[in-house]
Structure formats: structure tokens, C-alpha cells
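Working notes, structure below.
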């Protein structure tokens, strides 16, 4: 184990999940008794600071539900979510607003996640105003331009609308919006699955660069194991609401213990362990 990994292993995790459960009520008819479907079943994991945990599994495995609960967008049925050892459920008022600033999300569909009626400028300035970032309107305007350039776009595009951009460019804007409040932790919910293959590696490389420069911690939710091994440090495999296998990404990919994990790996077109790394920026 390298010194860097040994240090990371000894540090307390930034985000920790303990026994997370989410049940949804299902009623098949007006007079039928409500039944409960357990979408997330006793899920536990931790994510070290400045590391990436990939949460992988087929559609319906519960991985996106976990991401929504982490961001307080969906209440858990039971279990605990901790940020730096503190239960987030206990936070109220300003402390809860501060939590929203520290934990952000980038969704799968960049067009649906952006307000079509807002310009890029308004999209990026709005969260700055909500969280009181920037001493003046001019400083917030400057920050918005800087954010756009940091994700590979031009500040001359601030007054354009989402429909004027390509899918990859819209996802860059969504990433800039998440970065605007200077978070520590970002949930990446299938951030490249709606993009052309040629654009996916550009977005993943952008996310890796931003992680290096800003010390970001990621939860990377995906069904595509073809990108996990060269993007994530650790991986947790979900099946029917439960984590069935987890560990360092290289170890899970090289020696998967579960048949379900092997099945997911076999489904990756031309998966070649010798060619896992994305090109560097």
C-alpha cells in the first residue's frame, strides 16, 4: 500500500452511510391493501475525503435512490447518513442550509436538470445568492464567469440559454452549478449516460481534474462498469437494493467474488483490463 493510500485509509470518512433503508408503498387497486417495496435494504458504506466511490448495478437496483437520500432529496425509512461523523438528520435551520452547500448533485439528463427559462448567468448566480456567496452582484458575476471557464466553456456564453448548447456543454454547465457553492461532496448520478460516447471521456476527465484541483469527494452512480475502473477508487455493487460486493476498484474488477459482478463485467463491450485509464488533461 502506498503512503498516500495508507494515509487515506487511516482518515475518518467524509461521508458514511449506516444501515440505510428505503421502502415505498405500493397499492395495486383502490380497495387493495398497501404493500411495501424495499428499494434499499440495509446499505452501508463510507467515502474517504477526495476519493471516488462508484455505486454500480442494473436499473432498479436502488443506487439512484441511495444518492437522493444522501442529498436529503428523499427521506430514508431508517438508517443513518453522517457527514464528518455528524448525523445529517439532526441538522436544522442554518446547519441544514450549510449541508446543502457542502453536498451537491449532478443528474443524468443535463437538459432536464437545467431551468430552460434561465440564462447560464442566472443559473450560476442564483445558488450564490441563496447561500450568501460573494460580497456584491459584480463579484457574483465574476464568479459565474470563472466557473464557466473552469469547466471548459467561455464567459462570453453567460447570456445564452440551455437549448443553445450541446448535451456535453449542458452537462458542463450543470457541473459548474454544482461547483458554484464550493461543495466537498458531489453525487454524480449517471453523469455521462445521456451523452455521446465521444463526449463521455471528456466529461469524466473534467471531473477528475476538478477533483484533483479542489479535493472533491464523489459518489459515482452508474450501470456502466466500462468507465468505473479507471474513474473510481472504490466500488460497491448493488443488486435488488443490497450491496453484494465492495472493495478497491482494481481488486473487484480483477477478482470479482460474486457471480452478479461477473455478469456485469461480461456485459461491458470489449472490456480490457490492460486499457483502463482515461487520457489525462
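Structure notes:
- Max mean-square fluctuation residue, GNM over the chain, Cα-Cα springs under 10 Å, options 57, 93, 250: 93
- Within the listed set 123, 217, 156, the residue fluctuating most in the Gaussian network model of the chain (springs between alpha-carbon atoms under 10 angstrom) is 156.
- Most mobile listed residue (13, 162, 87) in the chain, GNM with C-alpha springs under 10 Å: 87
- Length released on extending from residue 142 to residue 89, taking residue separation times 0.36 nm less the Cα-Cα span: 15.6 nm
- Column: log10 I(q)/I(0), Debye, Cα scatterers of the stretch 12-266, q = 0.12 Å⁻¹: -0.74
- Looking at the stretch 1-155, the pairs of alpha carbons with a distance over 27 Å make up 44% of the total.
- Here the Kirkwood formula, the inverse mean of 1/r across different C-alpha pairs, assigns the stretch 58-99 a hydrodynamic radius of 11.3 Å.
- Sites residue 44 and residue 156 - FRET efficiency at Förster radius 35 Å, r taken between beta-carbons, to 0.05: 0.15
- Computed from label points 7 Å out along Cα-Cβ, the spacing between residue 266 and residue 35 is 3.0 nm.
- Cα-based shape type of the stretch 131-199, given that a ≥ b ≥ c are square roots of the gyration tensor eigenvalues and the cut on a/c is 1.5: oblate
- Over the stretch 82-156, the reciprocal of the mean inverse Cα-Cα separation, the Kirkwood hydrodynamic radius, stands at 14.3 Å.
- Kirkwood hydrodynamic radius (C-alpha pairs) into Stokes-Einstein, the stretch 175-229, 4 °C and 1.567 mPa s, D in µm²/s: 110
- Stretchable slack from residue 135 to residue 257, in nm (0.36 nm times residue separation minus alpha-carbon distance): 38.6 nm
The numbers here are math on the coordinates, done by the rules we state, and not lab data. All values reported here derive from a predicted model rather than from experimental measurement. Cβ sites come from the backbone with ideal geometry, for glycine too, and all protein chains shown count toward neighbours.
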